[in-house]
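Only one structure is covered here, and it is reproduced in the block below.
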Amino acid sequence: RTAMKSLRFISAEAFVSNAEFARKSLGAVAHDLFPLLFKASYLLEQGEVIHDLVENWPLFDFNMGKLLGPSLDYQEDLSHRTCSVCLESCLTGLRDYVLNQSSPCMKKLKVVDLTGIKDVEVQFCKCKKTMGRWARTQLLSKLCSELLVYLQQAQCNPGTSEISINVLIDLFVTERNYELVTQALLKKCSCPLKICCVAFRADNLTLQKFFYIIKLTDPSLLRKLEIVHNVHLETEHLEMLFNSIHFPLLMSLTLPARTFNVRRFTATDEQMLTNIGEKMGEMMQLTELSMSFSILTGRIQKLLSPLKTPLKMLDVSNCSLNHADMAYLANSFHANHLEVLDLSGHDIPELYPATFSKLLSHCSSVLRSLTLEDCNIQDTHVNMLILGLSPCQKLQEFKFIGNPLSSQVLKHLFTFLCELPMLKNVEFPVPRDCYPIGITYPIDDASLCRFDHQKYERVAEELNLILLQANREDVKASTPLFGSYDAAVQETNNELGAYLIKSFKETLEKFTTSFNKMS
């Protein structure tokens, strides 16, 4: 459906569609029309007009999420369009706002908020070129450094040095942009554009570099911290981090795989784990916690019970939870608040069917997203699953890839899923009967694609027909074999791939050296 446009918005589109005329006429435009013209320019990808609007921005704040979000003039939300042309024009316009020779007393801008931009898989912009979070981090850091060099070299308007604009951004730092971002953060005090990091994602960084840059971000402002993949953080490093840095506003924490491995724990490690839990409770306001692919058997209570705020999001996929862990979750004060839950990689029907049902009943009134991938849910368990999901009337997303379910039972399950009024996204497994007889679950990567593709397509069509007949065209059903789309991973996969090859090569060389010595 195409969103309705007001006459004001249609007029704004007509005005900005002639870039040359629009740019010449901006001086005569009323200040309160700038937000309207900005959204119209963004929709039409008029980069030059966007640049000039930002360069001459007459208001106190510039909030991308609000400017591009639904409005009375145009209901369409454009905040998920990470169009490279538009965003680059926006950021260079911000730099030129500082350098613009107009009277400093005319410059009111104090806060720029870039955090409302959403990175999604499908882009609708004509240029088809996106600027993801990593690239936005890179460009803003580069512009800040350039700005400082220019201000030092040129004879600028004396009032330029008095300009101070807080730029709120979600930073994404890897080895490749580390130096640039570090320099921008180090010189923040001297730069008119002051990077204020609200969320920080680190990948492919040595621990030394991670610890250095996290201190530069001003952790007291940080609301979200993601330490992922190639940052080799373990229990003792996490304790060190929490002992040396305070995160009073932190609401969301993602830890890399294998941060914890309780099978190797000594008494010292147990004490560290206790300290980490206490620190998270004392100095944070956590509502989101992701600890996937750590081994946490029997320790969930130790980590989560000190938290003073209830968790709304919990990812403990592939964490080897036992019955005591699940019992704690089901009975804890977190259970009634969980909106997003990922329990993938646990044999739920075999290990704790009743406790899982209890957990589901406690969070059913608020649960929006449930992920149960590789949970050994078989045909005989589906009625139990339907019973558990029935009260979850706010469920928007259900992912259950990797479970050994037949096509017949999937049809039965889809018929039920049509009854969940808020459901928008379903990720379902390739039916078991599409694979060769004797396939074992969980399916290894080598066998994952060895199924009858034609049969799968027929089943997928039938499942979509069930949705269609129930007037549920609003539900997207898919089978992403290698996991859901991750904008951050997608954007940096070349760098991460190169890192993995380098690591593999180094390991191979060490092995060869050791082998030669033995020979």
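Residue-wise test of (1) over 22 Å from the mean Cα position of the chain (by Cα); (2) closer than 20 Å to LEU307 by Cα.
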position	(1), (2)
ILE165	yes, no
GLU179	yes, no
CYS191	yes, no
LEU205	no, no
ILE213	no, no
LEU233	no, no
THR259	no, yes
In segment 46-67, how many are part of a helix (DSSP H, G or I) and either touching a helix residue (DSSP H, G or I) at 6+ places or on another chain (Cβ under 6 Å) or in contact (Cβ under 8 Å) with a residue 60 or more places away in the chain (or both)? 10
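Mind listing whichever residues of segment 316-350 are in contact with a Pro (Cβ under 9 Å, 6 or more places away or on another chain) and in a loop (DSSP other than H, G, I, E, B)?
SER332, PHE333, HIS334, LEU338, GLY345
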Among the residues that make up segment 119-126, is at least one of them farther than 30 Å from ASN425 by Cα and at pLDDT 80 or above? no
Return only the number of the condition from (1) within 18 Å of GLU55 (Cα to Cα); (2) open to solvent by less than 10 Å² (accessible area, probe 1.4 Å) that VAL181 does not satisfy. (1)
Keeping to segment 341-350, report how many residues are under 21 Å from SER294 (Cβ atoms) and open to solvent by 40 Å² or more (accessible area, probe 1.4 Å). 1
Considering residues that are open to solvent by less than 20 Å² (accessible area, probe 1.4 Å), within 24 Å of the chain's Cα centre (by Cα), closer than 15 Å to VAL167 by Cβ and among the hydrophobic types (A, V, I, L, M, F, W, C), the number found within segment 118-154 is 1
Just wondering, is there one or more residues in segment 490-497 that are touching a Phe, Trp or Tyr at 6+ places or on another chain (Cβ under 8 Å) and modelled with pLDDT under 95? yes
Do we have ALA446 as assigned to a helix (DSSP H, G or I) and either modelled with pLDDT of 95 or more or loosely packed, with under 15 Cβ neighbours inside 10 Å (or both) here? no
Of the residues that make up segment 82-98, is at least one assigned to a loop (DSSP other than H, G, I, E, B), open to solvent by 40 Å² or more (accessible area, probe 1.4 Å), in contact (Cβ under 8 Å) with a residue 40 or more places away in the chain and of a type outside the set (A, V, I, L, M, F, W, C)? no
Take the residues of segment 351-384 that are part of a helix (DSSP H, G or I) and over 19 Å from VAL316 (Cβ atoms): which is least open to solvent (accessible area, probe 1.4 Å)? VAL382
Could you please let me know if MET313 is under 23 Å from GLU373 (Cβ atoms) and either touching a residue at least 60 places away in the same chain (Cβ under 8 Å) or open to solvent by 10 Å² or more (accessible area, probe 1.4 Å) (or both)? yes
Can you pull out every residue in segment 414-443 that is outside any loop (DSSP other than H, G, I, E, B) and in contact with a strand residue (DSSP E or B) (Cβ under 9 Å, 6 or more places away or on another chain)? PHE414, LEU417, ASN425, VAL426, GLU427
Could you tell me whether segment 184-193 includes any residue that is assigned to a helix (DSSP H, G or I) and either among the acidic types (Asp, Glu) or farther than 19 Å from VAL111 by Cα (or both)? yes
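Can you tell me which residue is most open to solvent (accessible area, probe 1.4 Å) among those in segment 2-45 that are assigned to a loop (DSSP other than H, G, I, E, B) and among the polar types (S, T, N, Q)?
Out of the qualifying residues, it is THR2.
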Qualifying positions in segment 355-384 - among the hydrophobic types (A, V, I, L, M, F, W, C) and under 28 Å from the mean Cα position of the chain (by Cα): PHE356, LEU359, LEU360, CYS363, VAL366, LEU367, LEU370, LEU372, CYS375, ILE377
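The values are calculated or read from the model by the stated rules, or taken from the named source; none is laboratory data. As the structure is a prediction and not an experimental result, all values here were calculated from the model. Here Cβ is always computed from backbone atoms with ideal geometry, including for glycine, and neighbour counts include all displayed protein chains. In case anyone asks, the SASA skips ligands and DNA or RNA and just uses the protein heavy atoms, side chains included. Shrake-Rupley method; radii C 1.70, N 1.55, O 1.52, S 1.80 Å.
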